[in-house]
Amino acid sequence: FRGVSQSLGHHIANDAIRDWVFERTPADKNAFEPSPYDVAIIGDYNIGGDAWSSRILLEEMGLRVIAQWSGDGTIAELENTPKAKLNVLHCYRSMNYISRHMEEKYGIPWLEYNFFGPTKIAESLRRIAGFFDDRIKEGAERVIEKYTPAMNEVIAKYKPRLQGKTVMLYV
């Protein structure tokens, strides 16, 4: 909780993981069998249980979440993060520097995702799937199709009351 918007605290914590976890974990410490579909969710603190939903959507589309930072994450997951094929960032501000470090040192690409609202969820799932093969791209479309009716029901319920009004979401 140091700095403006806790930013310095995130930076200190990320530096500690870089220096004391990544740099000191023997490559063979964990019995880790990599797959071509390994991703790490970075910067999702699971404050309201949202990390569980993110993980479910990614896994339903065929990806394997090998690490979740930091909500519900474990030290073993942190140790395995440098083996991911893609890092997906929920909170860019708190995790962009550790993601850039992993891209430079381990060659792991990263992207921001936004799971706030049906349009952004679909866009993000497609962007994430774009890093993988057709199996994952088809999986993303299956997930979008699966949840679209439920999202449409919620929209239909609230749209008459909200249409034409300005709304603020406090997340």
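Quick notes on this structure:
- Total formal charge among the other residues, if their Cβ is under 15 angstrom from that of GLU60, Lys/Arg +1 and Asp/Glu -1: +3
- Accessible area of the chain belonging to carbon and sulfur atoms, whole % at 1.4 Å probe: 57
- When the pairs LYS85/LYS146; LYS137/LYS165; LYS83/LYS146; LYS105/LYS146 are compared against a 28 Å limit on Cα-Cα distance, LYS137/LYS165; LYS83/LYS146; LYS105/LYS146 fall above it.
- With the whole protein complex present, VAL21 retains an accessible surface near 20 Å², based on a 1.4 Å probe.
- Label-point gap, in nm, between ARG161 and ARG64 - each point 7 angstrom along Cα→Cβ: 4.4
- Nearest-10 value in Å² for the accessible area of LEU125, using the 1.4 Å probe: 0
- Helix 118-129 vs. the chain, principal-axis angle (Cα, 0 to 90°, nearest 10): 40
- Residue order for THR25, THR74 - accessible surface, 1.4 angstrom probe, largest first: THR74, THR25
- Sequence of VAL167, VAL88 when ordered by accessible area, the most exposed leading, probe 1.4 angstrom: VAL167, VAL88
- Other residues whose C-beta falls under 13 angstrom from the C-beta of GLY71 contribute a net charge of -3, scoring Lys and Arg +1 and Asp and Glu -1.
- At a probe radius of 1.4 angstrom, the accessible area of the chain per residue rounds to 60 square angstrom.
- Other residues whose C-beta falls under 11 angstrom from the C-beta of ALA122 contribute a net charge of 0, scoring Lys and Arg +1 and Asp and Glu -1.
- Label-point gap, in nm, between ARG127 and VAL4 - each point 7 angstrom along Cα→Cβ: 2.4
- Positive-pole candidate from LEU89, VAL4, ILE41, dipole of the chain, charges at beta carbon: VAL4
- Of all lysines in the structure, those lying under 19 Å Cα to Cα from LYS159, and not within fewer than 8 positions of it along the same chain, are LYS120.
- MRE, 222 nm, helices only [DSSP H, n ≥ 4, -39500 (n - 2.57), over the chain, to nearest 500]: -15500 deg cm²/dmol
- Among ILE144, ILE75, ILE108, residue whose mean-square fluctuation peaks in a GNM of the chain (springs only between Cα atoms under 10 Å): ILE75
- Along the chain, the longest continuous region that contains none of the trypsin sites (Lys or Arg not before Pro) in a DSSP loop with at most 10 other C-beta atoms within 10 Å is 25-164.
- Axis of helix 7-16 versus longest Cα principal axis of the chain: the two differ by about 40°, to the nearest ten degrees.
- Antiparallel %, DSSP beta bridges [both residues in the chain], to 5: 0
- The chain: angle of helix 92-106 to the longest principal axis, Cα-based, in degrees nearest 10: 50
- Cα-based equivalent ellipsoid, the chain: semi-axes from gyration tensor eigenvalues, Å: 30, 21, 12
The values are calculated or read from the model by the stated rules, or taken from the named source; none is laboratory data. What you see is a predicted model, and the numbers here were worked out from it, not measured in a lab. Every residue, glycine among them, receives a Cβ derived from its backbone with ideal geometry; neighbour counts consider all protein chains shown. For the accessible areas, the whole protein counts, side chains as well, though only heavy atoms, and no ligand, DNA or RNA atoms are used. Shrake-Rupley method; radii C 1.70, N 1.55, O 1.52, S 1.80 Å.
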